[in-house]
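The values are calculated or read from the model by the stated rules, or taken from the named source; none is laboratory data. Please read all numbers here as calculations on a predicted model, not as lab measurements. Ideal geometry is used to build each Cβ from the backbone, glycine not excepted, and the neighbour counts take in all protein chains shown.
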């Protein structure tokens, strides 16, 4: 297991570096060389990413009042990102182990990166160019449901620093998204007739413990993401959406069957299906194919492409066939999009 586990922590460190978190990169490399910390992180629930759960458990306890010098390294808690935080991190874990174990064994990655809504807007705009009927949206794995309100965020799309398009906010925060490459995606949102999320572990935003866990999942040297999350939570409390609790694959057939016949249906998800096993992914595909026998079903997915980047794809299931278009590559946290159109 050693080589595989070490490889996991190094891969996480590389991803943290790509996504602008030198603090999480350093912590991951430190854990990579610490067998006791890796064993502790491995107490996370099956299928949960060890690094996210371990780092969030530490962050959560400090958000809830635990006082420790580690705070001085966390900008989201008023510290700075300078210096080597790992010795303080290791000391915090050792001194708070009893409080951390229940979190590691029970909590899940409910991350809601709302900047992904800038990517979703482009995807739904492309769908709107192909579908004239109002859309009934079903999100798989929405966590707190913040990206169910994807069309209520403002977005500034920039290329090389210059403003290309600005979508005004209805009530939420303004998202910043860089355009890479020469192509420009569509931006006009289609008409939405309904929206619902299917979530095994939904976040109760009225519960402060759940809200603090959601905040703890934000990397602690990225305070801009924490501010964006807080604004998105306030937006959701103003515009709450229905989230049905349970296994998404169990709930999905009924959710599809409930969609009125006078609208179109789109199932979508953002970096959620990576937690599915191969059998679960096959089951999802089978559900969509079956539903497509009765009526066209759209499937918008923003997931890891299996190589290096995250891909935005749009599939239309109808009469036993599936037609997929790769629309774009994009950063996992929604910071940039490279539009590929209909390739």
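General remarks:
- Residue within segment 30-41 that is outside any helix (DSSP H, G or I) and either within 23 Å of the chain's Cα centre (by Cα) or in contact (Cβ under 8 Å) with a residue 12 or more places away in the chain (or both) present: yes
- Annotation: residue 156 fulfils all but one of (1) in a loop (DSSP other than H, G, I, E, B); (2) in contact (Cβ under 8 Å) with a residue 12 or more places away in the chain; (3) surrounded by fewer than 17 Cβ atoms within 10 Å (Cβ to Cβ); the unmet one is (1).
- Listed by position, the helices (runs of 4 or more DSSP H) enclosed by segment 184-263 that each have at least 3 residues that are touching a helix residue (DSSP H, G or I) at 6+ places or on another chain (Cβ under 6 Å) and in the same structural domain as residue 166 (by TED's automatic domain parsing) are 223-238, 248-258.
- Tally of residues being closer than 30 Å to residue 149 by Cα and either outside any helix (DSSP H, G or I) or touching a strand residue (DSSP E or B) at 6+ places or on another chain (Cβ under 8 Å) (or both) across segment 70-115: 11
- Each residue in segment 264-279 was checked for being assigned to a helix (DSSP H, G or I) and either in contact with a strand residue (DSSP E or B) (Cβ under 7 Å, 6 or more places away or on another chain) or at pLDDT below 95 (or both), and 4 pass.
- Flag: residue 138 matches the condition of being farther than 22 Å from residue 216 by Cα, touching a residue at least 40 places away in the same chain (Cβ under 8 Å), outside any loop (DSSP other than H, G, I, E, B) and touching a helix residue (DSSP H, G or I) at 6+ places or on another chain (Cβ under 7 Å).
- Meets criteria (farther than 30 Å from residue 254 by Cβ, in contact (Cβ under 8 Å) with a residue 40 or more places away in the chain and in a strand (DSSP E or B)) for residue 178: yes
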